[in-house]
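Let me begin by presenting the structure, written as structure tokens, before commenting on it.
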């Protein structure tokens, strides 16, 4: 006899969706999370998602309903309600080390939409609680062991260790998954030995003098000589509200140093003179290759715990739903884990095609593919030849290819530079790092 049918470790978008869906199906479930509150956001999340376009073999139909939004996952087969509006983003900007500006614009269909992560958490927690899901907050997962029919979990709450048992365990504890670590499944994953902190400020009162859209800032001059970057994304909180997220290296204090310098001393500091900081969140990111088989015995690894990079909120949510569906099958004696593993490999492109890991990463590596002089040249060209289209696929997989192809179409770009751009479009991870190394030496 076990304490629960299913225990879910981690109650972010994947874990919370799994808890609610399992409870809805009449399954006794417990969600365990180290956070004291589950209806707020503490993890950096820029709050963008790709709707009404293909992304990870899913098409999410977005239907505004007054001050609410219905999101229908047309392939996986479920829907969720979001209690706010979502903002379509039609502009994308980059700013170089020397202050040069690049912009792309869509006239009709947005690049993507933005939402409020805390509102998303609040919505899913309220829904899961209404379904009858139980939660244990302020609780850290320590270890687990399993037999053929059950899993025993060791957790720590209020300074005391406690043992819990269940028939099935769902690991939904994010990129730096402790469940994945202690169960040994990381041993067979590609380890990129990349770990970095990020911090995010949600700010109101930002005076951005360009068309409202996301903005990517890079170059050490923008950060007082520190290596890193900032990505700023519009927030639906208001017309002058943005979420600014750092890219940085250890120690963790570097991320705070970068964003504080950026908003107070950088060439862009005037944009932030009258800001109000609404929310601060953070996370430390560690990069592994994806789990090709996200299951071990009675344990299913869903969302970021099995992912490369991030599933993003929208895809973590569908992992939670599909995970719950397949765990119910397992409890009924059916081969639910086999179905989940097949679904996982079918939907997340970097599982079966390692090159897609590189494509996913190229967006944040973009400035490292070129020298400062080359970027200035390309950005000056884009000022003379604005990139304006009706619509375009611009997911993390496709954004860099879209930008490169726009530059390659300009007759002023030298053939050797075009050849490098094509090489980058075609490159896998090892070739990407080869280009970065060569550019840094030049």
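Divide by every residue of the chain the summed helix terms, -39500 (n - 2.57) for each DSSP H run of at least 4, and state the resulting mean residue ellipticity at 222 nm, rounded to the nearest 500 deg cm²/dmol.
Per the formula, -9500 deg cm²/dmol.
Enter the angle in degrees (range 0 to 90, nearest 10) between the Cα long axis of helix 355-365 and the first principal axis of the Cα atoms of the chain, meaning the one along which they spread out most.
Approximately 50 degrees, to the nearest 10.
Among rounded, prolate and oblate, which fits segment 356-441 when a ≥ b ≥ c are the square roots of the eigenvalues of its C-alpha gyration tensor, a/c under 1.5 means rounded, and a/b larger than b/c means prolate? The partial results should precede the final answer.
Values: a/c = 1.88, a/b = 1.15, b/c = 1.63.
Oblate.
Which one of 179, 151, 230 has the biggest mean-square fluctuation once the chain is modelled by GNM with Cα springs under 10 Å?
151
GNM, the chain, Cα, under 10 Å: largest mean-square fluctuation among 135, 377, 50?
Maximum among the listed residues: 377.
Nearest-5 percent of antiparallel DSSP beta bridges in the chain?
About 75 percent, rounded to the nearest 5.
Give the angle, between 0 and 90 degrees and rounded to the nearest 10, that separates the Cα long axis of helix 13-24 from the longest principal axis of the Cα atoms of the chain.
Tilt relative to the chain: about 30 degrees.
Counting other beta carbons within 10 Å of each residue's own, what order do 398, 74 fall into, fewest first?
Exposure proxy ranking, most exposed first: 74, 398.
Calculate how steeply helix 117-131 sits against the longest principal axis of the alpha-carbon atoms of the chain, using the helix alpha-carbon long axis, and give the answer as 0 to 90 degrees to the nearest 10.
Between the helix axis and the principal axis of the chain, the angle is about 20 degrees.
Could you work out which residue, out of 204, 304, 380, moves most in a Gaussian network model of the chain, that is, has the largest mean-square fluctuation with Cα springs under 10 Å?
Highest fluctuation of the listed residues: 380.
Return 176, 80 ranked ascending by Cβ neighbour count within 10 Å, so the fewest neighbours appear first.
Fewest-to-most Cβ neighbours within 10 Å comes out as 176, 80.
Every read-out reported here was derived from the displayed coordinates using simple, explicitly stated rules and does not represent laboratory data. None of the values given here were measured: they were computed from a predicted structure. Quick reminder, even Gly has a Cβ in these numbers, built from the backbone with ideal geometry, and neighbours come from all protein chains shown.
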